[in-house]
Structures are given as structure tokens and as C-alpha cells.
Amino acid sequence: MHHRLTDIFQYLVDLTTVIVLGLPILFREIFSLIFPRTPKEVSGQLALITGGGNGLGREIALQLAGKGCNVIVVDVDLKSAEDTCVVLRKLNVKAHAYRVDVSSYEEVQSLATAVYKDFGPVDLLINNAGLIQFKFLEGNTTEDVHRMIDVNVKSHIWTTKVFLERMIERKRGHIVGISSMSGMFAFPWAVVYSTSKFAVNGFMAAMREQLRLQGHSEYIRTTTVCPYYIATRKDIVDFLQKPRFQLLTTEHAARVITKGILRNETMIALPRFFDLGVKFMQLFPVKVQQLVRDYMIREYELNQVQ
Ligand SMILES: NC(=O)c1ccc[n+]([C@@H]2O[C@H](COP(=O)([O-])OP(=O)(O)OC[C@H]3O[C@@H](n4cnc5c(N)ncnc54)[C@H](O)[C@@H]3O)[C@@H](O)[C@H]2O)c1
């Protein structure tokens with residue numbers, strides 16, 4: 001009995017501590033929504049972006065270069081990566097392309113060796129490379145599944161494993177994981193893709209807490225990015241013939257994401273209200289959540305999913 005009373009007392013003390021320490025943080029966050037923090041300076045720093053040859057990665061690279069940041073563009077598609085670099089150099093920054101399959105740990109290790117030798121340490125690691133596939137599970141071959149998990153999930157683990165050590169030594173770094181709205185709200189018309197993005201969110205959340213426990217979180221930041229559809233590729237635009245919400249343009253998405261990264265935001269959902277919407281929805285029973293799916297987000301009814 002004595003034990004239980006002290007347990008309850010301890011619990012109340014802990015709860016009071018959380019409230020006392022939590023309220024100022026909450027107010028500061030609300031304040032920063034109204035008056036956003038000033039973005040950090042990245043001029044002369046080095047960003048490494050995977051999948052920077054095309055689409056969102058390329059636009060984020062351009063946004064960073066516009067702020068004077070040097071950029072390493074990593075892609076399996078070397079030609080596109082080199083094309084990106086040509087445009088980046090016109091913005092008066094250093095840019096270099098490497099052909100790397102980021103799903104291979106060995107290739108990522110060799111990349112780090114080459115980058116450290118040629119350019120030095122990486123300030124911003126942006127894990128953007130990913131494969132997008134709109135399919136029900138039956139439509140996926142086992143090969144598809146392996147590839148999607150290797151590229152979309154393992155690559156984040158490999159690059160972080162390889163580049164984190166130097167960030168810790170330097171007491172400086174920022175790891176960005178490009179996930180997706182489908183990593184917060186399951187997309188049944190893209191089962192394996194959605195699974196891979198939930199995994200990215202899990203990895204980023206676990207890494208963030210690891211860094212905090214180890215005392216590194218004040219100088220090594222993490223940002224998880226969860227965008228709704230972006231008009232980067234023809235297959236995405238074709239899939240969403242009548243989207244419930246407007247597709248984001250690549251340029252707009254990259255601008256918002258880059259701004260959020262430079263403000264050290266932990267989570268960036270695009271459009272912003274989706275984040276709140278998804279979290280709010282999760283308070284309700286699944287059957288109510290399904291009404292939201294049926295009436296508000298129903299792209300899958302309008303299209304052929306393989
Ligand atoms: N487009 C969208 O609607 C959307 C929405 C939410 C999240 N995302 C995410 O944004 C990221 C970029 O998507 P995107 O629409 O720009 O796609 P994209 O296909 O236009 O570009 C992806 C780039 O990654 C490269 N890549 C693919 N596999 C690779 C590998 N194994 N190693 C190195 N590079 C590789 C490709 O060559 C390409 O240049 C992805 O992670 C995607 O899941 C996209």
C-alpha cells in the first residue's frame with residue numbers, strides 16, 4: 001500500500017513537471033507559427049541530396065544553391081544529376097554529381113569517402129531518392145517490394161549510418177528525410193509505397209530521439225517531410241485525374257520544404273493543415289476515419305489501380 005501511494009505521488013510530481021516545462025514550449029511553438037523563426041544561414045556550407053537529378057530533389061538543390069549552399073547531387077541517373085549541377089553552378093556555388101545507388105551500403109560508403117576527400121564534411125544530408133508506385137499489393141512482384149524497401153527505406157539508414165559519425169565529431173549537422181503524406185495516412189492504392197514511408201517516419205522519429213538521448217540534438221537537427229502529391233512526374237499527374245486537393249507544384253513544394261529545413265523544423269507537412277487534419281482524425285474510431293476516406297480523399301475510386 002505504502003508503495004502504491006509513493007508511486008502515485010511520483011506520478012503526480014512527474015506530471016506537474018511535464019506541464020510546467022511543457023507550457024512555455026507550447027507557447028513558443030504557437031508563437032513561431034505566427035512569427036516564424038529566422039532561417040539559418042547556409043551560404044558556403046555543403047548539402048548532399050540524394051535523387052537530386054530530377055523532380056523534388058532537383059528543386060530543393062536549386063533552392064539551397066540560391067542561398068549560397070554548395071551541393072553534392074547523388075543519383076543513379078548520372079546524366080540528370082550532371083544537368084542539375086550545370087544549373088546549380090550558374091548560381092555561383094560549387095556543385096558535383098556522383099552516380100550512386102543509395103540502396104547499396106557499399107556504394108554509400110564509397111560516396112562518403114569521395115565526398116570527404118573532394119569537398120569535406122557534409123552539413124545537410126537530404127535523403128530524397130525514392131521510388132513511387134501506385135499499386136494494390138497483388139500488383140507488386142516480390143522484386144518490386146524488395147526494391148521499394150531498399151531504395152525508400154534502407155537508403156535513409158545507410159546514408160545516416162555513414163555520415164552521422166562526422167556530424168557528431170564536428171558537433172554540426174542536419175538530417176532530412178523526405179517521406180510522404182502516405183507515411184502519416186495510409187494510401188491503400190499504394191500499399192508498399194505507403195509502408196515504406198511509414199518506415200521512414202519511424203526511422204526519423206527514432207533517430208531524433210536517439211540524438212536527444214545522446215546529447216547531440218542541439219547541434220544535429222532532424223527534419224521529416226511529408227508532402228501531399230507533387231506534380232513531379234507524368235505518372236503522378238496521370239494517376240490523379242481528379243484530385244480532391246490541387247497537386248503541389250514542384251517549385252512551390254521545394255520552396256516551402258527548404259524554408260522549413262532552414263528553420264530547423266522537425267516536421268514539415270504539405271499542405272500545412274494536413275498534419276493537423278491527420279492527427280485530429282486519428283482520435284476517432286476507424287469507421288469514422290473511413291468516412292473521411294470515402295468522402296474527402298477518394299482518388300482511388302476515380303482511377304485504375306493495378
Ligand atoms: N511526387 C510526389 O507526389 C511525392 C509526394 C510525396 C513524397 N514524395 C517523395 O519525394 C521524393 C522525390 O520524389 P519525386 O517525385 O521527385 O521523384 P522523381 O522520380 O522525379 O525523382 C527521384 C530521383 O531519385 C533518383 N533515384 C531513384 N532511385 C535511386 C537510387 N537507388 N539511388 C539514387 N537515386 C535514385 C531518380 O533517378 C530520380 O532522379 C521521393 O522520396 C518521393 O517518395 C514525392
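Bear in mind that the values in this text are calculations on the coordinates, not laboratory data. All figures in this text were calculated on a predicted structure; none of them were measured in a lab. Ideal geometry is used to build each Cβ from the backbone, glycine not excepted, and the neighbour counts take in all protein chains shown.
Two tests apply to each whole DSSP H helix in the chain, Cα reach of 30 Å or more along its axis and mean Kyte-Doolittle hydropathy of at least 0.5, and the ones passing both are 2-34.
Take 123-133, 170-180 and order them by the average number of nearby Cβ atoms within 10 Å per residue, most first; the result is 123-133, 170-180.
In the stretch 1-42, which trypsin sites (Lys or Arg not before Pro) fall in coil by DSSP and have 16 or fewer other Cβ atoms within 10 Å?
37, 40
As a ratio to 2.2 N^0.38 Å, the alpha-carbon radius of gyration computed for the chain takes the value 1.07. Ranked by the mean number of other Cβ atoms within 10 Å of their residues, highest first, the peptides 145-154, 231-240 fall in the order 145-154, 231-240. For the chain, what does -39500 (n - 2.57) per DSSP helix run (n ≥ 4), summed and divided by total residues, give at 222 nm, in deg cm²/dmol to the nearest 500? When only DSSP H runs of four or more count, the value is -16500 deg cm²/dmol.
Straight Cα distances below 16 angstrom link residue 287 to none of the aspartates and glutamates, with same-chain residues fewer than 8 positions distant left out. For the stretch 115-194, the set of chymotrypsin sites (Phe, Trp or Tyr not before Pro) satisfying both a DSSP loop assignment and a count of at most 16 other C-beta atoms within 10 Å is given as 119, 136.
When only Cα pairs below 8 angstrom with a gap of at least 6 residues are kept, the stretch 43-301 shows a relative contact order of 16 percent. Taken as Cα centroids, the stretch 86-107 and the stretch 177-231 sit 23 Å apart, rounded to the nearest whole angstrom.
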